[in-house]
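The values are calculated or read from the model by the stated rules, or taken from the named source; none is laboratory data. Please read these numbers as outputs of a predicted model, since none were measured by experiment. Here the Cβ positions follow ideal geometry from the backbone for every residue, glycine too, while neighbour counts run over all protein chains shown. In case anyone asks, the SASA skips ligands and DNA or RNA and just uses the protein heavy atoms, side chains included. Shrake-Rupley method; radii C 1.70, N 1.55, O 1.52, S 1.80 Å.
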Amino acid sequence: MRYTGHMNKAVLMQQLADTIIDKGVCLELAKTATHLVIGDGNLNTDIVFIGEAPGKNEDEQGLPFVGAAGKFLNEMLAAAEMKRTDVYITNIVKYRPPENRDPTPDEKKAFWPYLLKQLQIIQPKVVITLGRHSMEYFLPDMKISQIHGQPKRIKFGDDYLVIVPLYHPAAALYNGSLRQTLIDDFLNVPMIIKKL
Ligand code: URA
């Protein structure tokens, strides 16, 4: 079989998942979780979405955004004429926190280097953060209420990366005005990408 770039990335991503398990990253969370949820989608994409942490459905299936928030995310992707199979989707924290509590600062810090490694493997042009937990390391000291939907260019290695901070679909799902704001921001994403 021919060894393609895509296979190479898949191998690297699998090795990264194995490393997280072997090193016992966030062992306390690992103990109560069913699966490590490393991420899902196209490894040759320009666009990576980063959520907070797996919920119940994600933990059961080992895949990100497959519950109610994921359904809403799928709807917005479709409305923006983006296919889920064209993008990569992951979370800052890769294990489900018990009772879906917020991830702690220590948990986010423990997974941050692995998130960076994922981005080094994929090499996207745009990172779309969903909610403040995945935004805060890319854009420290910024407030999501003030910068949502606005592309921010940051230095990433020798290159630049555009961060588009969006509200989290789970937060916006049952909040009428947040919901509309998120949909509006989302529909603007193809324009932002086109301008890069
Ligand atoms: N919410 C998240 O932040 N991530 C998921 O994978 C599912 C729900």
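With the dipole of the chain worked out from charges on the C-beta (+1 for Lys and Arg, -1 for Asp and Glu) around the Cα centre, which of Ile122, Gly67, Gly24 lies farthest toward the positive end?
The residue sitting most towards the positive pole is Ile122.
Where the centre of each part is set by its Cα atoms, how far does region 130-196 sit from region 61-96, in angstrom?
15
Taking the Cα centre of region 101-181 as the origin, how large is its charge dipole in debye, to the nearest 20, when only Lys and Arg (+1) and Asp and Glu (-1) carry charge on their Cβ atoms?
160
Taking springs between alpha-carbon atoms closer than 10 angstrom, which of Ala53, Ala78, Ala17 fluctuates most in the Gaussian network model of the chain?
Of the options given, Ala78 has the highest mean-square fluctuation.
With a Förster radius of 25 Å, plug the Cβ-Cβ distance of Gln150 and Tyr174 into 1/(1 + (r/R0)^6) and report the FRET value to the nearest 0.05. Display every interim value, and only then the final one.
Values: r = 25 Å, r/R0 = 0.98.
In this case the efficiency is close to 0.55.
When the accessible area of the chain is computed with all protein chains present and a 1.4 Å probe, what percentage of it is carbon and sulfur? Kindly include the intermediate steps, with their values, before the conclusion.
On the way: 5260 of 10220 Å².
So the carbon and sulfur contribution to the accessible surface is 51 percent.
Can you give me the pair-distance distribution of region 67-125, C-alpha pairs, 10 Å bins, whole percents?
Bins of 10 Å from zero give 19, 38, 38, 6 percent of pairs.
Leaving out ligands and nucleic acids, and using a 1.4 Å probe, what accessible area per residue does region 50-104 come to in Å²?
Numbers: 2340 Å² over 55 residues.
Ligands and nucleic acids excluded, the result is 43 Å² per residue.
Using a probe radius of 1.4 Å on heavy atoms only, what accessible surface per residue do you get for region 127-196? Whole Å² is fine. Don't skip to the answer; put the middle values down first.
On the way: 3880 Å² over 70 residues.
With the other protein chains kept in place, region 127-196 gives 55 Å² per residue.
Please compute the net charge surrounding Gln118, taking Lys and Arg as +1 and Asp and Glu as -1 over other residues with Cβ under 11 Å from its Cβ. It would help to have the intermediate numbers written out before the result.
Values: positive: Lys9, Lys94, Lys117; negative: none.
Computed value for this residue: +3.
Where the only charges are on Cβ atoms (+1 Lys, Arg; -1 Asp, Glu), what is the dipole of region 30-90 about its Cα centre, to the nearest 20 debye?
Using Cβ point charges on Lys, Arg, Asp and Glu, region 30-90 gives about 160 debye.
If Tyr88, Tyr160 are ordered by their accessible area, calculated over protein heavy atoms with a 1.4 Å probe, which sequence runs from highest to lowest?
On the way: Tyr88 5, Tyr160 110 Å².
Sorted descending by solvent-accessible area, the residues read Tyr160, Tyr88.
Given an 8 Å cut-off on Cα distances and at least 6 residues of separation, report the relative contact order of the chain as a percent. Walk me through the intermediate numbers first.
On the way: 315 pairs, mean separation 44.0, N = 196.
Worked out over the chain, it gives 22 percent.
With the dipole of the chain worked out from charges on the C-beta (+1 for Lys and Arg, -1 for Asp and Glu) around the Cα centre, which of Asn42, Ile193, Ala79 lies farthest toward the positive end?
The residue sitting farthest along the positive end of the dipole is Ile193.
Apply the a/c threshold of 1.5 to the C-alpha gyration tensor of the chain and tell me whether it is rounded, prolate or oblate. If you can, show how the numbers build up before the last one.
On the way: a/c = 1.44, a/b = 1.15, b/c = 1.26.
It comes out rounded by the Cα gyration axes.
Using a 1.4 Å probe, how large is the accessible area of His35, given in Å² and rounded to the nearest 10?
70
Using the crude model of +1 on Lys and Arg Cβ and -1 on Asp and Glu Cβ, and no other charge, please compute the dipole size for the chain relative to its Cα centre, in debye to 20.
360
Looking only at region 126-173, where both bridge partners belong to it, what percent of the DSSP beta bridges are antiparallel (to the nearest 5)?
Numbers: 5 of 10 bridges.
For region 126-173, the DSSP antiparallel bridge percentage is about 50.
Please list Ser177, Ser134 from largest to smallest accessible area, probe radius 1.4 Å, with all protein chains kept in place. List each step's numbers first, then the result.
Numbers: Ser177 85, Ser134 0 Å².
Sorted descending by solvent-accessible area, the residues read Ser177, Ser134.
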